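Step one of this worksheet: look at the structure below.
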Amino acid sequence: MPKRPESSLPAKPSIASTHRCPMIGLTRLAILALGTLLIVAWTPPAARAADIYPSKPISLILPFGAGNGSDLSSRRLATQLGKILGQQIVVENRPGAGGVGAVKQVTSAPADGYTLMLAGAGMPISQALFNPPPYDMLKSFVPVSAISSNDVAFLVKASSRYATLDDFIREAKERKKGLMVGVSLLGTTQHMAAELFKLHTHTDFTIVPFRTASMLTTALVGENIDLAFEFVAPTLPMLNSGQLRALAVSSAQRSPVLPQVPTVAEQGIPDYAVSSWGMIVAPVNTPAPIVKRLNTEIQNVLQDPEFIRQLQGSGTRVLGGTTDQARQLMESEIVRWKKVIDTAGIALQ
């Protein structure tokens, strides 16, 4: 009997083909679902948090009162940064006690990026100045980004007998503690600028603290003090009106709003440079992706031409930079002022 060609034989149904549709479809769905769950499970919590950050308003704590230059620039930053992040940044002022209240509030908050603080140059000074230290900036916070800096001006009354900084130095050496020099409070950048100036010039004079910049300038105009160390921003109107003169600025470069005033270093005192600065910090252990996101968006604000114009108009310099650069700034300032305070023998309880 002739053999039938295999191609003409009817196909024999297989077990696999009869059960494949419902079971294999479900199996594939289950595998895909399981894989998604595994991916989520293996994604670090910090990365997941950064993906949805921010999902609610952010608090920015300021360790000083409302209305001054730092407060206004911080509020400008908060407004612009909030627009970029898509969430409101609520500014809260917590002045007094060398920033201790603000530090406690921020360090007691969850390290989730929703509570930030503007740390200032006075905080590393307070850490080195007080015994015991009120806080440890490097252990309590992670630096996010430097924001801005302010120059200190060496101010005299317009009719002062000092035509140059050298005139003041010469008389300070002759009269020892006889000259009276005003600063805004003890433990401030202005105070440390005066103490550092003593060390660099081998002079001595009596430092007189005032509660506010306005009280300081009033005493200067009234000839109750011989010279004052104060930020450029709050004294700019009196400088522009001719009531005060600036013998020098403390920064490494001339002030953009006082280009005719030389720096201290330009007048024969090398390596003297002092500036106050502001820096956004977050509680220690804040997830790195959140810190990176904040830093990135802050740089976008600081590069905005209108934001730069507003700050520079008051004599404030825009800084910015990486988180590593911010940490290096804080570390160097703590070491620097500790050395000055120890050398000068300053101690506040």
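The values are calculated or read from the model by the stated rules, or taken from the named source; none is laboratory data. Being a predicted model, the structure only gives us computed values, none of them experimental. Cβ: placed from backbone, ideal geometry, glycine included. Neighbour counts: every protein chain shown.
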Between Ala128, Ala153, Ala97, Ala78, which is buried (at least 17 other Cβ atoms within 10 Å of the Cβ) and modelled with pLDDT under 90? Ala128
Taking interchain pairs and intrachain pairs at least six residues apart, which have beta carbon atoms under 9 angstrom, with the first residue in region 193-213 and in a strand (DSSP E or B) and the second surrounded by fewer than 14 Cβ atoms within 10 Å (Cβ to Cβ) and basic (Lys, Arg)? Thr206/Lys177
So if I check each of Asp324, Asp271, which one is among the charged types (D, E, K, R), surrounded by fewer than 16 Cβ atoms within 10 Å (Cβ to Cβ), out of contact with any Asp or Glu (no Cβ under 7 Å at 6 or more places or on another chain) and at pLDDT below 95? Asp271
Residue among Gly113, Gly187 that alone is in the same structural domain as Val232 (by TED's automatic domain parsing), of a type outside the set (Lys, Arg), touching a strand residue (DSSP E or B) at 6+ places or on another chain (Cβ under 7 Å) and surrounded by 15 or more Cβ atoms within 10 Å (Cβ to Cβ): Gly187
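Residue by residue, here is whether (1) at negative phi; (2) in a strand (DSSP E or B); (3) assigned by TED's automatic domain parsing to the domain that holds Arg76; (4) β-branched (Val, Ile, Thr) holds:
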{"site": "Asn224", "(1), (2), (3), (4)": "yes, no, no, no"}
{"site": "Ser255", "(1), (2), (3), (4)": "yes, no, no, no"}
{"site": "Leu258", "(1), (2), (3), (4)": "yes, no, no, no"}
{"site": "Ala282", "(1), (2), (3), (4)": "yes, yes, yes, no"}
{"site": "Val291", "(1), (2), (3), (4)": "yes, no, yes, yes"}
{"site": "Asn295", "(1), (2), (3), (4)": "yes, no, yes, no"}
Of all the residues that make up region 226-236, how many are part of a helix (DSSP H, G or I) and either hydrophobic (A, V, I, L, M, F, W, C) or not assigned by TED's automatic domain parsing to the domain that holds Ala246 (or both)? 3
Could you give every pair whose Cβ atoms fall below 7 Å, whose first residue belongs to region 155-172 and is assigned by TED's automatic domain parsing to the domain that holds Leu227 and within 18 Å of Val221 (Cα to Cα), and whose second residue is part of a strand (DSSP E or B) and basic (Lys, Arg), counting only separations of at least 6 or pairs across chains? Val156/Arg245; Ala158/Arg245; Ser160/Arg245
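Would you mind listing the strands (runs of 3 or more DSSP E) fully within region 71-168 where at least 3 residues are in contact with a helix residue (DSSP H, G or I) (Cβ under 6 Å, 6 or more places away or on another chain) and under 25 Å from Met238 (Cα atoms)?
141-157
The rows are residues; the columns are (1) among the aliphatic types (A, V, I, L, M); (2) in a helix (DSSP H, G or I); (3) without any contact (Cβ under 8 Å) to a residue 60 or more places away in the chain.
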{"position": "Ile298", "(1), (2), (3)": "yes, yes, no"}
{"position": "Val301", "(1), (2), (3)": "yes, yes, no"}
{"position": "Glu306", "(1), (2), (3)": "no, yes, yes"}
{"position": "Arg309", "(1), (2), (3)": "no, yes, yes"}
{"position": "Gly320", "(1), (2), (3)": "no, no, no"}
{"position": "Asp324", "(1), (2), (3)": "no, yes, yes"}
{"position": "Glu331", "(1), (2), (3)": "no, yes, no"}
{"position": "Lys339", "(1), (2), (3)": "no, yes, yes"}
Quick test of your reading of the structure: Glu174 fulfils all but one of (1) part of a helix (DSSP H, G or I); (2) surrounded by 15 or more Cβ atoms within 10 Å (Cβ to Cβ). Name the failing condition by number. (2)
Restrict the check to region 83-91 and report whether at least one residue is of a type in the set (Lys, Arg) and over 20 Å from Gln310 (Cα atoms). no
Filter region 275-302 down to residues that are surrounded by fewer than 16 Cβ atoms within 10 Å (Cβ to Cβ) and over 16 Å from the mean Cα position of the chain (by Cα) and give me whichever is nearest to Leu77 (Cα to Cα). Ala288
